[in-house]
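Structure, as structure tokens:
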Amino acid sequence: MTALTIMAAACLALVFLGLWFGRSGTRADPVSPIVVDGSNVMHWGTGAANFTSLRLVLDDLIARGLTPIVYFDANVGYKLLDTHIDAPDLARLLSLPRSQVTIVASGTPADPVLIERAIALRAQVVSNDRFMDWRAAYPVLRGKGFLVKGRLRGETVELRGVRVAV
């Protein structure tokens, strides 16, 4: 075998492996991610848990060119639908890919999970929660720009400090 043949075979092997592992369920981090505290945002507007608040905020973020990664406490189904719901079903209801919706296990607080994900992605967090119980463990919470506060005025989403995707 010539060196050229060996190099060509190696390149083909790398392409094959890339295609193979691309199908294996691994996924790249989303482009322009923003982490959303779904358990908090679902109460915006009326104060009662509702899909409308979530949908309006998610649509606004997507329109800004951001990829919302949404986290919920385990009781989200009971708050929204009076029954248990799993992440794939909730993702369908929110019209989001399954990879963008996480419901933490019962007994596990969503806060540290979503904070750690935001840190890993270098993303902001949309929430009106100030995460006071977690500030000692996550000093980034005290910094400017990590948390994005917001509210609904009717059906208008107002977010303060969100970095728009470029």
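Since every read-out is calculated from the coordinates, none of them should be taken as a lab result. Just so we're clear, the structure is a prediction, and the values are computed from it rather than from any experiment. Cβ sites come from the backbone with ideal geometry, for glycine too, and all protein chains shown count toward neighbours.
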Label-point gap, in nm, between ALA120 and LEU81 - each point 7 angstrom along Cα→Cβ: 2.6
Three principal axis lengths of the stretch 29-160 [C-alpha, angstrom, descending]: 36, 34, 29
What full-extension length gain, to one decimal in nm, is calculated for LEU93 and VAL140 as 0.36 nm per residue of separation minus the Cα-Cα distance? 13.7 nm
Using the number of other C-beta atoms within 10 angstrom as an exposure proxy, rank TYR71, TYR138, TYR78 with the fewest first. TYR78, TYR138, TYR71
Going fewest to most other Cβ atoms within 10 Å around each Cβ, ASP82, ASP133 line up as ASP82, ASP133
Where the only charges are on Cβ atoms (+1 Lys, Arg; -1 Asp, Glu), what is the dipole of the stretch 29-160 about its Cα centre, to the nearest 20 debye? 500
Evaluate the relative contact order of the stretch 29-160 (contact order divided by residue number), counting alpha-carbon pairs under 8 angstrom at least 6 apart; express in whole percent. 28
Report relative contact order for the stretch 51-111 in percent, whole number only (criteria: Cα-Cα under 8 Å, sequence separation at least 6). 37
Pick out, in residue order, every one of the trypsin sites (Lys or Arg not before Pro) in the stretch 93-161 that is DSSP loop and has at most 15 other C-beta atoms within 10 Å; say none if there are none. ARG122, ARG130, ARG135, LYS144
For VAL101, distant residues with modelled amide H under 5 Å away: VAL70
Distance in nm between label sites at ALA105 and ASP59, each 7 Å beyond Cα in the beta-carbon direction? 3.7
